[in-house]
Each structure stands twice: as C-alpha cells, then as structure tokens.
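> Okay, here's the structure, questions in a sec.
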Ligand SMILES: [Zn+2]
C-alpha cells in the first residue's frame, strides 16, 4: 500500500517516502555507471588500435577524450533523491533539497527498515 504525502503528489518535493513512509533522504547524481564504463571500454578499444600501429600520442589522446566525455556526462546529470531506508529513487522537477549521502545515517536507518519489513 503506497501512501503519497501531498507534497510528493504535487511533485514539489519529497518529504515522506511513499514506499516505507520514512522521512530521511539523501541526494546523489542520477548516474548510470554502465554509461561511463561503455565510453571507457570503446575508447580503450580505439586507443589500442592506434597503439598497435605505433600512434601512441593519438592513443593517449583518445583515452583523454573519453575521460572528458565522462566528465561532461557527469556534469550534466540531474539530481536524484534517494530514500535511506528502502532505497526508493525519486526523479522529477521537484526541489532536491536532501543532504548528500551520510554513511552513519544509512547505518542507522537501513537496519531499522529491514527489521520492520522482516528481512532480518
Ligand atoms: Zn523509503
């Protein structure tokens, strides 16, 4: 049973998690690690080709370019609000005002939620 608070429904901000009813969130970048890895793998293959033919500088240039592309992708990422307890992710145009991830908070809240849902 999902319960959406008025703010969540109106998509203005996330103040209560509709999944576990928790009120603690952190913010991170909406980054898919697969994208970054794919860029690096493709660049490494191209680079290996240049390297094979003795074009070392071009090979390094390709790798450097790939690192820049990854940086560019990262800088354009949108913010993602994540629930500490159940890891539900909230994307949207609402105001992402949660603080960055805090390991100490996660250590306290995750076991609490897991006990509640009976995982432990
Ligand atoms: Zn939650």
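> For the range 67-120, what is the per residue volume of the convex hull drawn over the alpha-carbon atoms, in cubic angstrom?
119
> Just need the relative contact order of the chain here, percent rounded to a whole number, with Cα pairs under 8 Å and 6+ apart.
After rounding, I find 32 percent.
> Over the Cα atoms of the chain, what radius of gyration and what Dmax do you get, in Å?
20.4, 63
> Relative to the longest principal axis of the C-alpha atoms of the chain, give the angle of the C-alpha long axis of helix 103-117, reported between 0 and 90° and rounded to the nearest 10°.
Between the helix axis and the principal axis of the chain, the angle is about 60 degrees.
> Now for a separate question. In deg cm²/dmol and to the nearest 500, what is the mean residue ellipticity at 222 nm of the chain if only DSSP H runs of at least 4 residues count, each as -39500 (n - 2.57), divided by the residue total?
Dividing the helical sum by the residues of the chain leaves -16500 deg cm²/dmol.
Rule-based calculations on the coordinates, nothing more; no lab input. Not measured: the values here are computed from a predicted model.
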